[in-house]
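Presented below is the structure to which this report refers.
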Amino acid sequence: MASKKKVCVVGSGNWGSAIAKIVGNNVLAQTDPFDTEVRMWVFEETVEGRKLTEIINNDHVNVKYLPGIQLPKNVVAIPDVKDAAENADILIFVLPHQFVRGVCKQLDGKVNPGAIAVSLIKGFDVADGGGILLISDVIREMLKIPCAALMGANIANEVAKENYCEATIGIKVKEHGPLLKDLFQTDYFRIVVCDDETTVEVCGALKNIVAVGAGFADGLGYGDNTKAAVIRLGLMEMIKFCEVFYPESNQSTFLESCGVADLVTTCYGGRNRKVAEAFVKTGKSIEALEAEMLNGQKLQGPPTAYEVNYMLKNKKMEDRFPLFTAIHNICKGNLEVQKFMDCLKNHPEHMSPNPRL
Ligand SMILES: NC(=O)C1=CN([C@@H]2O[C@H](COP(=O)(O)OP(=O)(O)OC[C@H]3O[C@@H](n4cnc5c(N)ncnc54)[C@H](O)[C@@H]3O)[C@@H](O)[C@H]2O)C=CC1
Ligand SMILES: O=C(CO)COP(=O)(O)O
């Protein structure tokens with residue numbers, strides 16, 4: 001008899017904890033093929049005098065990152081990532097993207113060579129030579145295992161409350177589709193599997209930049225029509241970004257949950273939007289507001305805007321992506337936020353002749 005598949009969740013923040021709840025319950029309901037214990041790596045910290053791992057293992061709540069949500073008892077918090085990942089068959093990577101290299105370094109040579117990974121991480125990695133890498137590429141290259149991506153319109157607190165939503169799993173290896181769908185799907189978290197892993201992941205990363213723009217528009221006092229324009233122009237830049245840098249990309253993937261749906265939910269309900277609005281209203285830095293407003297949770301939009309700009313600047317292509325470029329420059333204090341409206345008004349999408357006619 002084939003041995004049961006052991007699952008490890010690498011990360012335990014807001015989304016990491018919400019997904020551990022789903023996966024923990026799903027493995028209990030499907031003891032073939034899954035092992036019933038789900039190990040969850042926790043970046044150890046002290047919360048109100050107790051270790052976070054101890055709180056999770058005794059009280060079954062991540063009081064810091066997902067308060068008020070009961071985690072299944074078979075989700076076991078482990079402070080050493082090597083111990084957590086040991087012998088795992090499926091590694092679910094779900095941590096802020098700025099930490100992924102450091103964590104993979106610790107896991108180098110320690111993961112089961114037959115394991116598969118799935119990345120829930122939104123962002124890019126800057127590469128030598130002026131380009132960027134997908135986070136799944138970093139995982140594949142550093143750990144030498146295949147990696148799929150799960151992205152979607154999935155604000156963690158809502159998913160944790162079991163409010164209906166959808167997600168997209170992008171795969172490169174066909175056989176991973178059914179296994180991962182069984183691991184993640186519930187009656188309130190519906191999964192579509194597609195073979196366009198790259199676009200799934202690129203959408204998840206880029207929409208966080210647009211959400212920062214949506215927050216700027218909100219902070220400047222504009223209404224829903226303006227935000228819809230930010231969303232539309234952002235979507236056009238996301239599509240163009242895939243056309244230019246990932247020509248194998250399939251445009252129909254933008255219609256999956258990882259595309260338009262995630263863009264919309266993040267521009268209305270996400271942390272990037274919220275902090276960007278406060279940035280305009282308070283004049284404080286993004287870093288200060290992240291620390292003040294998010295209680296340890298991390299923003300992905302501003303660093304992703306930097307990563308994208310790093311490549312665009314190197315390729316002398318900033319003017320082809322004026323929305324992404326303006327958002328980066330505003331975050332860095334190189335452009336006044338009031339100029340954001342000029343960026344929208346003068347966007348090449350409005351220039352004639354319209355390139356699509
Ligand atoms: N929260 C959400 O609603 C959603 C988040 N995501 C994505 O999932 C990924 C993870 O996000 P969250 O789980 O929300 O994380 P989070 O934003 O709650 O981040 C906090 C986590 O980072 C850890 N951390 C802090 N310093 C660290 C360090 N030096 N090294 C390693 N870990 C450290 C903390 O221990 C905590 O687990 C991100 O890429 C995010 O874009 C995707 C969908 C929804
Ligand atoms: O990715 C998300 C929803 O799918 C969450 O977005 P924020 O990081 O802006 O909260």
Query raised in the report: Has the range 108-116 got any residue that is in contact with a Lys or Arg (Cβ under 7 Å, 6 or more places away or on another chain) and either within 15 Å of ligand 2 (Cβ to nearest atom) or in a strand (DSSP E or B) (or both)?
Result: no
Report task. Would you tally the residues in the range 117-146 being under 13 Å from Ala85 (Cβ atoms) and either of a type in the set (D, E, K, R) or within 16 Å of ligand 2 (Cβ to nearest atom) (or both)? Result -> 0
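Quick grid of which residues meet (1) more than 16 Å from the chain's Cα centre (by Cα); (2) at pLDDT 95 or above; (3) within 16 Å of ligand 1 (Cβ to nearest atom):
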| position | (1), (2), (3) |
| --- | --- |
| Asp218 | yes, yes, no |
| Lys227 | yes, yes, no |
| Ile239 | yes, yes, no |
| Gln251 | yes, yes, no |
| Val275 | yes, yes, yes |
| Ala278 | yes, yes, no |
| Gly301 | no, yes, yes |
| Thr304 | no, yes, yes |
| Val308 | no, yes, yes |
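For (1) in contact (Cβ under 8 Å) with a residue 24 or more places away in the chain; (2) surrounded by 20 or more Cβ atoms within 10 Å (Cβ to Cβ); (3) in contact with a Leu (Cβ under 9 Å, 6 or more places away or on another chain), each residue gets a yes or a no:
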| site | (1), (2), (3) |
| --- | --- |
| Ala160 | yes, yes, yes |
| Lys172 | yes, no, no |
| Arg190 | yes, no, no |
| Val202 | yes, yes, yes |
| Gly213 | yes, yes, yes |
| Asp224 | no, no, no |
Query raised in the report: Of the numbered conditions (1) touching a residue at least 24 places away in the same chain (Cβ under 8 Å); (2) open to solvent by 70 Å² or more (accessible area, probe 1.4 Å); (3) part of a loop (DSSP other than H, G, I, E, B), Ser249 satisfies every one except a single condition; which is it?
Result: (2)
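Here are some residues: Gln30, Gln70. Which one is modelled with pLDDT of 95 or more, within 23 Å of the chain's Cα centre (by Cα), farther than 25 Å from Val202 by Cα and surrounded by fewer than 22 Cβ atoms within 10 Å (Cβ to Cβ)? So that I can check it myself, show each step before the final result.
Working: Gln30 fails: within 23 Å of the chain's Cα centre (by Cα).
Sole residue among the options that is modelled with pLDDT of 95 or more, within 23 Å of the chain's Cα centre (by Cα), farther than 25 Å from Val202 by Cα and surrounded by fewer than 22 Cβ atoms within 10 Å (Cβ to Cβ): Gln70.
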Requested in this report: Could you list all residues from the range 278-302 that are touching a residue at least 24 places away in the same chain (Cβ under 8 Å), over 27 Å from Asp195 (Cα atoms) and open to solvent by less than 40 Å² (accessible area, probe 1.4 Å)?
Outcome: Ala278, Phe279, Val280, Ile286, Gly296, Gln297, Leu299, Pro302
Report summary line: All conditions in (1) over 22 Å from Lys298 (Cα atoms); (2) of a type in the set (A, V, I, L, M); (3) not in a loop (DSSP other than H, G, I, E, B) are true of Leu150 except (1)
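The values are calculated or read from the model by the stated rules, or taken from the named source; none is laboratory data. Here the structure is a predicted model, which means the values were calculated and not measured. Because the Cβ atoms are built from the backbone with ideal geometry, glycine has one as well, and the counts that use them run over all protein chains shown. The area values use the complete protein model at the heavy-atom level, side chains included, leaving out ligands, DNA and RNA. Shrake-Rupley method; radii C 1.70, N 1.55, O 1.52, S 1.80 Å.
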